[in-house]
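Worksheet: one structure, shown below.
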Amino acid sequence: MDRRDFVRLLAATPLLTQVKEHQQQLPAAADIPKLKIVTNYKPEGHLGMPGPYPGKVVKVASAKCVDETTNAANADVVREMMERGICGLTGDSKPIDAWKKFIEPKDVVALKVNCGGHPYCVSAYEIVGEVIKQVMAIGVPPTNIYIYERFQNQLDEVNYAPHIPEGVSIVAAERANRYSDNNGYDPATYLEADLFGEEDTRSNMMKLVSQKVTKVINIPNMKDHGAAGATGCLKNIAYGSFSNVARTHSRGKTYTLEVIGTLASIEPLRSRTVLQIMDGLRGVWHGGPFARTKKYVFYPKQILFGTDPVAIDRLLLDIIDDERKKHGAMSIWDRNPASLHMDDTRARDNDPNVNIIIREPGHVEYASTLGLGVADLAKIKIQTLDV
């Protein structure tokens, strides 16, 4: 499917009618570079994305889960939310039985966290700690559990170590963003694409994912993003597991529509990512994926559970857009070139009514065309639980 075909698909889809109004501004198909996947891995089992519960999302909400004044989470409330959410997803009455649907004692398990929103919006210590507790309860030793993110400096800032059991490893692929250190990446598993004539045209999967672990649990946040529209399950697992991805968006132009879903679909990442737990205790309605100021932080006070990253991200688009509307900010669907400014500082930190890049929230629908999940709101089944 080329981009013109995809735009026609979007125009015919009720949930993305806003794209239809601006489809003439999309680049022609000839402008889209070829995306070449290179991997020696084949699909594994039945738990990979979209998993055994396509289109199902369990929303667990609690007004008591986080204090908006201090930004602190209530560990006891979060624990109950986690128990209710995982049981709601699988239909089991006991959390341990629900977790056994995804994890076995022999597994090597990785938690893909998100640290980019430090200090105000990162994958919560309470959620990460509860996941590790449940994985260990199944019989996975702490030495077979990993927390990972691409950049060591971000992991150092968040500092999960005091909040997790001894023996759990915290792993990064490189020291910092755009640092030319490729030792943590698999040279034989990558996406090849020449996007802007860059020298390095490959995005390689982390060795931890391709060579070490057998299961991945994805724990993203609810955040705005200047190139993708919103950054949730898909972007966290895709851009957080591959090198050299910042090159996909630059100087007002973005290829995030195609690249996010394509990266998420590459084996063995696709097959090994078995559970999505979206941390919505806190969120960022502008300036994401960072949270340098509390000015743009909001509090959805919910956690979303599923195996389908597309379905959860489809809900996220509305959560972010609705919050932006509350503040009088432009929609993530706004494709008016008159709103485009190249000044990143102005767009991210000062003015929520400008675009750094023409955003591509349509990446969620595109991922559905790759078989990663359900994007049609009419087909997404939401179960809401209150704690």
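For the reader, a short list of remarks on this structure follows.
- Test: residue in the stretch 199-212 that is of a type in the set (Gly, Ala, Ser), outside any strand (DSSP E or B) and more than 20 Å from residue 364 (Cα to Cα): yes
- Residue in the stretch 178-188 that is under 22 Å from the mean Cα position of the chain (by Cα), hydrophobic (A, V, I, L, M, F, W, C) and in the same structural domain as residue 269 (by TED's automatic domain parsing) present: no
- Cβ pairs under 6 Å, 6+ apart, first in the stretch 184-195 and within 13 Å of residue 212 (Cβ to Cβ), second in a loop (DSSP other than H, G, I, E, B): 185/243; 189/39
- Evaluation of residue 235 against (1) part of a helix (DSSP H, G or I); (2) in contact with a Leu (Cβ under 8 Å, 6 or more places away or on another chain) (one fails), failing number: (2)
- Residue check, residue 158 assigned by TED's automatic domain parsing to the domain that holds residue 42, within 19 Å of the chain's Cα centre (by Cα) and touching a residue at least 60 places away in the same chain (Cβ under 8 Å): no
- In the stretch 100-148, the qualifying residues are those that are among the aliphatic types (A, V, I, L, M) and part of a loop (DSSP other than H, G, I, E, B), and the one that is nearest to residue 283 (Cα to Cα) is 122.
- Checking each residue in the stretch 92-127 for being over 16 Å from residue 305 (Cα atoms), buried (at least 22 other Cβ atoms within 10 Å of the Cβ) and among the hydrophobic types (A, V, I, L, M, F, W, C) picks out 109, 110, 115, 121, 122.
- When we screen 316, 385, 372 for residues that are surrounded by 15 or more Cβ atoms within 10 Å (Cβ to Cβ), in a helix (DSSP H, G or I) and hydrophobic (A, V, I, L, M, F, W, C), the only hit is 316.
- For the stretch 246-260, the criterion of being part of a strand (DSSP E or B) and either not polar (S, T, N, Q) or not assigned by TED's automatic domain parsing to the domain that holds residue 39 (or both) is met by at least one residue.
- Here residue 89 meets each of (1) buried (at least 23 other Cβ atoms within 10 Å of the Cβ); (2) assigned to a loop (DSSP other than H, G, I, E, B); (3) touching a strand residue (DSSP E or B) at 6+ places or on another chain (Cβ under 6 Å) with one exception, condition (2).
- Residue in the stretch 273-294 that is assigned to a strand (DSSP E or B), charged (D, E, K, R) and crowded, with 23+ Cβ neighbours inside 10 Å present: yes
- Pairing residues of the stretch 122-150 that are in the same structural domain as residue 81 (by TED's automatic domain parsing) with residues that are among the hydroxyl-bearing types (Ser, Thr, Tyr) and part of a helix (DSSP H, G or I), at Cβ distances under 9 Å and at least 6 apart in sequence or on separate chains, gives 150/239.
- Filter result for residue 238 (at pLDDT below 95 and hydrophobic (A, V, I, L, M, F, W, C)): no
- Being in contact with a Gly (Cβ under 9 Å, 6 or more places away or on another chain) and aliphatic (A, V, I, L, M) is a description that applies to residue 171.
- Those residues of the stretch 61-86 which are assigned to a loop (DSSP other than H, G, I, E, B) and small (Gly, Ala, Ser), in sequence order: 62, 63, 72
- Residue check for residue 303: more than 27 Å from residue 35 (Cβ to Cβ), part of a strand (DSSP E or B), under 13 Å from the mean Cα position of the chain (by Cα) and β-branched (Val, Ile, Thr): no
- Within the stretch 14-60, tally of residues that are buried (at least 18 other Cβ atoms within 10 Å of the Cβ), part of a loop (DSSP other than H, G, I, E, B) and either at pLDDT below 95 or among the basic types (Lys, Arg) (or both): 2
The values are calculated or read from the model by the stated rules, or taken from the named source; none is laboratory data. Quick caveat: nothing in here was measured; it's all calculated off a predicted structure. Cβ: placed from backbone, ideal geometry, glycine included. Neighbour counts: every protein chain shown.
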